[in-house]
Amino acid sequence: LVIEEAATEARRIEGSDPDRPRALMAVANALLVSERVKSWDATYDAIKAANSAEGFTGEDGVLRISLLTKAMASLRMSSAEDFNVSGIFGELARDDYNRTVELARGFEREAPRASAVIAIARAVLEEKKK
């Protein structure tokens with residue numbers, strides 16, 4: 001239920017905003033833990049959103065926390081891997097290599113596609129090491 005609410009909120013973000021595909025990537029990553037089969041569809045939705053958001057690179061996921069009071073302002077930024085392409089594509093490649101490659105081809109822009117392909121290659125190489 002919480003993940004579905006997160007997906008609904010992510011879809012409310014303007015279509016051209018790079019935060020929309022980032023949020024949808026985070027939803028897909030969360031589904032890997034709870035409902036792995038649904039993560040495929042969620043990743044496809046994130047790819048469609050990425051194609052509409054020109055500024056999305058697939059590698060710049062951050063969490064920004066700000067606190068504003070009358071006396072001070074504080075901003076903290078931390079990297080958030082769950083917003084990036086690499087994590088979800090690496091995990092999905094372990095489940096079904098061919099399907100993951102087809103998903104990666106869905107990216108229209110070079111940067112997120114390259115991140116996905118590199119993540120797939122890493123997953124395959126790690127499996128071969130074992």
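The values are calculated or read from the model by the stated rules, or taken from the named source; none is laboratory data. As the structure is a prediction and not an experimental result, all values here were calculated from the model. In this analysis, Cβ positions are derived from the backbone assuming ideal geometry, glycine residues included, and neighbour counts consider all displayed protein chains. All accessible areas refer to the heavy atoms of the entire protein, side chains included, with ligands and DNA or RNA removed. Shrake-Rupley method; radii C 1.70, N 1.55, O 1.52, S 1.80 Å.
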**Message:** Under a crude label model (7 Å from the Cα following the beta-carbon direction), how far is Ser52 from Ser74 in nanometres?
**Reply:** 3.6
**Message:** Could you put Leu68, Leu125 in order of accessible surface area, largest first, with the 1.4 Å probe and the full protein assembly present?
**Reply:** Leu68, Leu125
**Whole-Å semi-axes of the ellipsoid equivalent to segment 72-123 (Cα gyration tensor, √5λ, descending)** = 28, 13, 8
**segment 63-130-segment 1-33 distance, computed between alpha-carbon centres (Å)** = 13
**Prompt:** Taking the chain, how much of its Cα-Cα pair set, in percent, is spaced more than 19 angstrom apart?
**Reply:** 49
**Item:** Per-residue ³J(HN,Hα) for segment 89-104, Karplus 6.51 cos²θ - 1.76 cosθ + 1.60, θ = phi - 60°, Hz, x for Gly and Pro
**Value:** 6, x, 5, 5, 5, 5, 7, 8, 4, 4, 5, 5, 4, 4, 4, 4
**Asked** Given the options Arg94, Arg20, Arg64, which has the most mean-square fluctuation in a GNM of the chain, springs set between C-alpha atoms less than 10 angstrom apart?
**Response** Arg64
**Heavy atoms of Glu5: accessible area, 1.4 Å probe, square angstrom to 10** = 100
**Item:** Simple label model, 7 Å out from Cα along Cβ direction - Val124 to Asn98, nm
**Value:** 1.3
**Per residue solvent-accessible surface (Å²) - segment 1-124, probe of 1.4 Å** = 59
**Fill in**
Put Arg11, Arg109 in order of accessible area, largest first, probe 1.4 Å, and you get Arg11, Arg109
